[in-house]
Amino acid sequence: MNIELKKPTVLNIDEMQQLVSKEVMAGIILYRSDSEIATTIRSYTIAIADERIIGFAALHIHTKTLAEVRSLVVHEDFRRLGVGKMIVEALLKEAIVLGLKEVLTLTYKKEFFEKLGFVEIPKESIPDQKIWQDCIKCKHFPICNEVSLIKQI
Ligand SMILES: CC(C)(COP(=O)(O)OP(=O)(O)OC[C@H]1O[C@@H](n2cnc3c(N)ncnc32)[C@H](O)[C@@H]1OP(=O)(O)O)[C@@H](O)C(=O)NCCC(=O)NCCS
């Protein structure tokens, strides 16, 4: 199977929303509106196979040193094939090129991120703006089982 990583355009947003909808409904990934995705479209990387989007994630910059892997999803039919790893590794390279120093994630998939070199940190050490911009929108706030992990790059 040939998998290609690309930067999306706004024309991909409908397909991206469809791909992530089940995880959004389950409360695993935070809902983002079409216009929010459009505003931040440059932060996304998509994985394409047979002209279909089979996965994506965004690298969101918080500060001069810190970015976050957000909204990572791989289509159910394509999981455990290395697609998630490909996407996160591409985001890490992007973060290095941008001069960032650390990449954070908040996730229920601790082992997946540990395999990529992320290390768990106490949730209290994540930046306040993350909590107030994002977590507060989540249906699980403030009692959530997500763990925060970070990788120095
Ligand atoms: C988490 C997710 C993105 C992983 O994508 P994937 O393409 O299946 O992962 P990969 O095949 O690249 O896996 C890379 C490694 O992590 C492991 N891994 C993948 N999913 C895992 C999981 N749920 N639990 C533990 N390990 C996992 C793989 O076995 C593989 O290990 P290896 O390198 O030793 O072979 C995918 O399961 C998904 O979309 N889940 C729903 C959304 C979600 O939970 N997103 C997480 C961010 S909040």
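The values are calculated or read from the model by the stated rules, or taken from the named source; none is laboratory data. Please read these numbers as outputs of a predicted model, since none were measured by experiment. Positions of Cβ are backbone-derived with ideal geometry, glycine not excepted, and every protein chain shown enters the neighbour counts. Remember, those area values only see protein heavy atoms, side chains included, never the ligands or the DNA or RNA. Shrake-Rupley method; radii C 1.70, N 1.55, O 1.52, S 1.80 Å.
Below, the figures for the structure above:
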quantity	calculated
Loop GluC sites (Glu not before Pro), region 13-121, which have at most 12 other Cβ atoms in a 10 Å radius of their Cβ (DSSP)	E51
Computed label-point distance, nm, for sites K123 and K7 using a 7 Å Cα→Cβ extension	3.4 nm
Region 34-153 - percent relative contact order, Cα under 8 Å, separation 6 or more	22 percent
With every protein chain in place, region 4-152: carbon and sulfur % of accessible area (1.4 Å)	55 percent
Loop-located trypsin sites (Lys or Arg not before Pro) in region 40-88, at most 10 other Cβ atoms within 10 Å (DSSP)	K64, R80
Compactness of the chain - radius of gyration and Dmax, Cα, Å	14.6, 42
Proximal lysines to K123, defined as alpha-carbon separation beneath 22 angstrom and excluding residues fewer than eight positions away on the same chain	K64, K101, K109, K110, K115, K137, K139, K151
